[in-house]
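A short worksheet on the structure shown next.
Nothing in this text is a laboratory measurement; each read-out follows from the coordinates by a stated rule. All figures in this text were calculated on a predicted structure; none of them were measured in a lab. Note that we place each Cβ from the backbone using ideal geometry, even for glycine, and neighbour counts take in every protein chain shown.
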Amino acid sequence: MKTTAIAALSLLTMTSCGSDQTMSYERVVEVPVYVEVEVPVEVEVPIEEAEIWIDSFTQVSAVDGVDIIWVIDTSGSMSAYQDRLLEGIEQMMLSLPTSGWRLVMIPTDPAEASTEQQFPLVPGDTITEAEDMYSNMNSGPGESGFDAVYSYIQTNPYSATWMRYDAALLVVFVSDEDDQSTMLSTPDEFISWYVARRFGNVFLASIVMQPEDVSECGPYSGGSYTGVRYMEATSALFGSILDICSEDWTPGVSDATSQIEPYESIQLSHVPVASTIRVFVDSVQSLDWTYDSATNTVYFTTVPGGGSVVEVGYVIQ
């Protein structure tokens, strides 16, 4: 990724007046010189004894609502999470705007996803309608979330009856096992296909088994496995990742919903030397921001426009 550094040059000019008498003076002119330099994103670069970090994101573009797909593992081991699943869906419905959204549930089995035909939940629907959708959803043994999303969008004619080309798209994976897709067989392959949807206005969230040393699940049992591939894909889009064994899914589901709203701030990955913070919007340095050390967050006094690339660089303390 590239950004722009600006250097100032001091120019010395000499002026003569007449043939017998010469006057000279110096005039210093600040000339902006634009130099294209390489700036890494999310890569630490040692410079002498300092480390520079660049946090970045692409601002959400204006869209006409959001289409939401919950991709749910329907295998037997998932029965333990059914109550939390429905509570999480209800929380998302309450967190969404009062208009403009549509939400469906599909299984992680690609064959079943390709024939799923339930009309989406819409504003005004309640948890009762959500429970009915969950109860009537197709189920199957497949645990291939990437392929299920592909099958539903690309091969299921019913999806075209309600999905909108000009809406944002949010996919939420829910599983106690890792993705086992074979068509889109790696997170990179899935992301490459997924980001080509909706002019790039796509978002991910994962509610999965996290590594044992940080998960609330304790020692794994009952065929549960870490959702490495789901987490890798979600992290690539800076999405929300929630431990499936968390007693309260509310914060994670709320974070997933907030992805579709324009960024008004960015919490930094590391504690910076405050005086070194620099903000660039589409490679042009911006001064329209403030830094709050208490929350380690840069707040934008002018919200960056949709589609712009925002980079915040700083020296790590």
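Numbers for the structure displayed
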item: Gain in span if fully extended, GLU129 to THR115, counting 0.36 nm per residue against the direct Cα distance; result: 3.0 nm
item: Sorted by Cβ neighbour density within 10 Å, fewest at the top, the residues TRP162, TRP289; result: TRP162, TRP289
item: Net charge contributed by nearby residues that have their C-beta within less than 10 Å of VAL310 (K/R +1, D/E -1); result: -3
item: Cleavage-rule hits (GluC sites (Glu not before Pro)) in the stretch 120-215: DSSP loop, at most 14 neighbouring Cβ within 10 angstrom; result: GLU212
item: The stretch 185-217 and the stretch 81-102: distance between their alpha carbon centers, rounded to Å; result: 19 Å
item: Alpha carbon convex hull of the stretch 55-104, projected area averaged over orientations, nm²; result: 5.4 nm²
